[in-house]
Amino acid sequence: DRIDRLITDISDASRLDAELSRSVMTRVDIAALLATLAEVHAATAPAGSAALSLDVEPGDDGLIVQGIDDRIGQVVSNVLANAMSFSPAGGTVRIAAHAAPGAEPAVEIVVEDEGPGFPADTFDRVFERFYTSRPRREAFGKHSGLGLSISRQIVEAHRGRIWAENRLGPQGEIAGGRIVIRLPRGTAA
C-alpha cells in the first residue's frame with residue numbers, strides 16, 4: 001500500500017507543474033471554499049477525531065483570490081489532514097481566513113492544531129519531498145511525505161507563500177502547530 005501511495009503521489013507531483021502552467025486562473029472565494037471543506041469534514045470525520053472550528057466572514061470580498069479552485073482546495077485539505085493527524089482525540093483544529101496585513105493585498109488561511117508543534121529545525125523541512133515525522137499512533141506507510149511539498153508547489157504557482165510555525169500558550173509553551181498560507185488578492189498569476 002505504501003509503495004502504491006508513493007508512486008501515485010510522485011506521479012501527481014511530476015504532472016503538477018505542467019498542469020498548473022496550462023490552467024486558467026479564475027476568481028476563488030476562499031470563504032466559500034473553506035465552508036465547503038468544513039462541511040465535508042463534518043460529514044466524513046471518523047468518530048473521536050478532532051473537531052473542526054471555522055472562523056471566516058462569509059461573503060467578504062476581501063477573501064477573493066485569482067487561482068485554481070480545486071488546487072487551492074487540495075492545499076487546504078492536505079494541511080487540514082496533517083493538523084488532524086497531530087491533534088489529540090477530542091481536540092480542536094482551527095481554520096481561519098482573513099485579509100492579510102501589509103502593502104500587498106493578500107488573503108491568509110491559518111490552520112492551527114493542538115498537537116506537539118514543530119521542532120524548531122523543521123519549520124522549512126516539513127515542506128521537503130518525502131519528509132515525514134508522524135505521531136506514534138499512526139501506522140507506518142499511511143503518509144507519503146509529499147502532501148506539504150505538493151502544497152508548497154501549488155501555493156508558489158499561485159505566487160503565494162506557505163510556512164509553518166508553532167502556536168504558543170500563555171506561558172510561552174508550545175500549544176500546537178500552525179500552517180499559514182498567504183495568497184495574493186486580485187491579480188492573475
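The values are calculated or read from the model by the stated rules, or taken from the named source; none is laboratory data. Fair warning: this is a prediction, and the values are worked out from it, not measured in the lab. Here the Cβ positions follow ideal geometry from the backbone for every residue, glycine too, while neighbour counts run over all protein chains shown. In case anyone asks, the SASA skips ligands and DNA or RNA and just uses the protein heavy atoms, side chains included. Shrake-Rupley method; radii C 1.70, N 1.55, O 1.52, S 1.80 Å.
Sub-7 Å Cβ pairs linking a first residue in the range 34-49 that is under 12 Å from VAL76 (Cα atoms) to a second residue that is open to solvent by 80 Å² or more (accessible area, probe 1.4 Å), at least 6 apart or interchain, are ALA35/PRO58, ordered by first then second residue.
Number of residues in the range 121-156 that are open to solvent by 40 Å² or more (accessible area, probe 1.4 Å) and either at pLDDT 90 or above or more than 19 Å from ASP12 (Cα to Cα) (or both) equals 12.
Kindly establish whether GLY172 is small (Gly, Ala, Ser), out of contact with any helix residue (DSSP H, G or I) (no Cβ under 9 Å at 6 or more places or on another chain), more than 12 Å from ASN82 (Cα to Cα) and modelled with pLDDT of 90 or more. Spelling it out, GLY172 is indeed small (Gly, Ala, Ser), out of contact with any helix residue (DSSP H, G or I) (no Cβ under 9 Å at 6 or more places or on another chain), more than 12 Å from ASN82 (Cα to Cα) and modelled with pLDDT of 90 or more.
Using the structure shown, decide if PHE86 is out of contact with any Asp or Glu (no Cβ under 9 Å at 6 or more places or on another chain), under 18 Å from SER151 (Cα atoms) and of a type outside the set (Val, Ile, Thr). It is false that PHE86 is out of contact with any Asp or Glu (no Cβ under 9 Å at 6 or more places or on another chain), under 18 Å from SER151 (Cα atoms) and of a type outside the set (Val, Ile, Thr).
In the set (1) in a strand (DSSP E or B); (2) open to solvent by less than 40 Å² (accessible area, probe 1.4 Å), the condition left unmet by LEU37 is number (1). Selection within the range 86-137: residues that are among the acidic types (Asp, Glu) and outside any strand (DSSP E or B). The member of this set that is farthest from ILE30 (Cα to Cα) is ASP121. When the residues of the range 2-34 are filtered to those that are open to solvent by 60 Å² or more (accessible area, probe 1.4 Å) and polar (S, T, N, Q), the one that is modelled with the highest pLDDT is THR26.
Across the range 61-72, not a single residue is classified as open to solvent by 50 Å² or more (accessible area, probe 1.4 Å), hydrophobic (A, V, I, L, M, F, W, C), closer than 24 Å to ARG167 by Cβ and in contact (Cβ under 8 Å) with a residue 12 or more places away in the chain. Reported count of residues in the range 85-114, each being surrounded by 14 or more Cβ atoms within 10 Å (Cβ to Cβ) and within 19 Å of ALA38 (Cβ to Cβ), is 19.
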